[in-house]
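To start, the structure under review is shown below, and the notes come after it.
The values are calculated or read from the model by the stated rules, or taken from the named source; none is laboratory data. Just so it is clear, the structure is predicted and the values come from calculations on it, not from any experiment. Glycine gets a Cβ as well: all are built from the backbone with ideal geometry, and neighbour counts include every protein chain shown.
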């Protein structure tokens with residue numbers, strides 16, 4: 001039987017236990033060190049708290065002593081203190097912290113130019129505004145009707161509050177009118193805002209060298225103002241046939257200013273036109289509750305019951321009287337005047353009246369006949385077509401048809417006839433009846449208001465003569 005070496009087994013067991021005991025001792029020492037450190041830290045914190053409490057008690061006591069001795073200190077007369085600049089220079093400079101500015105959200109506005117095809121809904125959608133707001137604004141009715149048909153080039157200004165919520169808009173209709181829509185507690189409200197322009201008086205004068213249009217342009221008049229001037233005297237002067245070299249004009253008119261900038265011209269207040277040596281004068285006057293109109297210096301209306309010509313024409317192709325007919329090839333009486341004009345040129349009623357014929361009429365082709373009371377009637381022939389709105393009663397200047405060449409015609413033109421008691425008269429020379437003169441009740445007011453304007457025309461005329469010399 002083999003013997004067992006117990007000594008080696010005992011030594012190995014002893015070494016194993018000694019190693020385990022050594023590790024346990026080391027672990028125990030580490031725990032003791034951690035516990036000791038933690039106890040020291042807790043002690044320091046407790047002592048600091050006690051010291052701070054004692055200090056606070058002392059300060060409180062000191063403050064109470066100071067307060068208690070306040071009356072005594074106030075009774076003492078202390079010497080005035082004079083700061084020593086040397087000491088002041090040694091004092092530490094206090095650094096004042098710059099306050100951080102408070103950022104506040106301001107109300108914002110966004111100005112948008114209306115593009116072709118834009119609608120209010122499309123503009124709101126691009127700016128994250130709900131469709132319900134569109135519905136509520138349009139539902140206001142007539143006040144916001146213009147927002148349904150926005151025109152390219154117009155501007156809309158959107159308003160938002162500090163939180164970015166939509167609060168209203170401003171629709172700039174033109175330079176004078178705008179629509180304001182605001183959100184209220186009850187919903188939306190709308191109102192129209194009208195700005196008044198500043199009115200300045202201006203004047204111009206000129207002499208005809210080439211044509212009324214060219215010479216008036218040289219005098220500084222805009223095209224619309226030239227047309228207005230021709231319209232005032234168009235009852236007495238045929239500006240296509242009667243104008244001669246050397247004729248002259250003087251006018252006093254308004255200019256409209258907005259924010260210091262000229263934006264348009266206003267009305268002609270007084271005008272003078274000298275044609276073939278004959279002087280015509282007109283002043284603008286508006287009686288109470290009546291429309292403004294132009295009158296002679298004596299109070300007679302410049303406007304006649306009939307326009308002299310019914311169409312803007314290039315030339316007169318055939319006058320009133322006997323002539324050789326271009327299609328029938330024989331001489332016969334031409335009972336009207338032929339105005340050559342481009343096909344489709346608008347034809348206007350020369351006076352208020354009632355359409356009694358609107359159909360083809362033999363060689364006249366497409367024809368319109370208007371009866372003006374019981375005495376006068378006018379005829380318009382060779383039309384290419386009729387105006388759809390021209391039915392029944394028509395107003396002076398209203399479009400009734402368009403130039404053409406229907407019937408017996410060699411080219412596009414308007415054949416115009418003027419009849420008095422059923423008899424044909426020459427439209428170019430017939431004496432046209434005048435419109436109503438100023439009522440006797442307003443005669444004195446008319447003279448008072450127009451006296452200064454007529455004096456202004458006299459000054460312009462004398463100045464022009466003096467400069468010519």
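Here are the numbers for the structure shown:
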{"item": "Strands (runs of 3 or more DSSP E) wholly inside the range 289-350 that include at least 3 residues being modelled with pLDDT under 80 and over 30 Å from residue 388 (Cα atoms)", "result": "321-324"}
{"item": "Residue count for the range 220-263, restricted to those that are at positive phi and modelled with pLDDT of 85 or more", "result": "2"}
{"item": "Failed item in (1) part of a loop (DSSP other than H, G, I, E, B); (2) closer than 18 Å to residue 359 by Cβ; (3) touching a residue at least 24 places away in the same chain (Cβ under 8 Å), with residue 381 passing the rest", "result": "(1)"}
{"item": "Enumeration of residues in the range 384-406 that are outside any strand (DSSP E or B) and within 17 Å of residue 307 (Cα to Cα)", "result": "395, 396, 397, 398"}
{"item": "Lone unmet requirement of (1) surrounded by fewer than 19 Cβ atoms within 10 Å (Cβ to Cβ); (2) in the same structural domain as residue 319 (by TED's automatic domain parsing); (3) without any contact (Cβ under 8 Å) to a residue 40 or more places away in the chain for residue 455", "result": "(2)"}
{"item": "Residue check for residue 133: closer than 30 Å to residue 466 by Cβ and more than 22 Å from the chain's Cα centre (by Cα)", "result": "no"}
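Here's the yes/no breakdown for (1) surrounded by 10 or more Cβ atoms within 10 Å (Cβ to Cβ); (2) modelled with pLDDT of 85 or more; (3) assigned to a helix (DSSP H, G or I):
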residue	(1), (2), (3)
77	no, no, no
98	no, no, no
101	no, no, no
109	yes, yes, no
116	no, yes, no
125	yes, yes, yes
147	yes, yes, yes
152	yes, yes, no
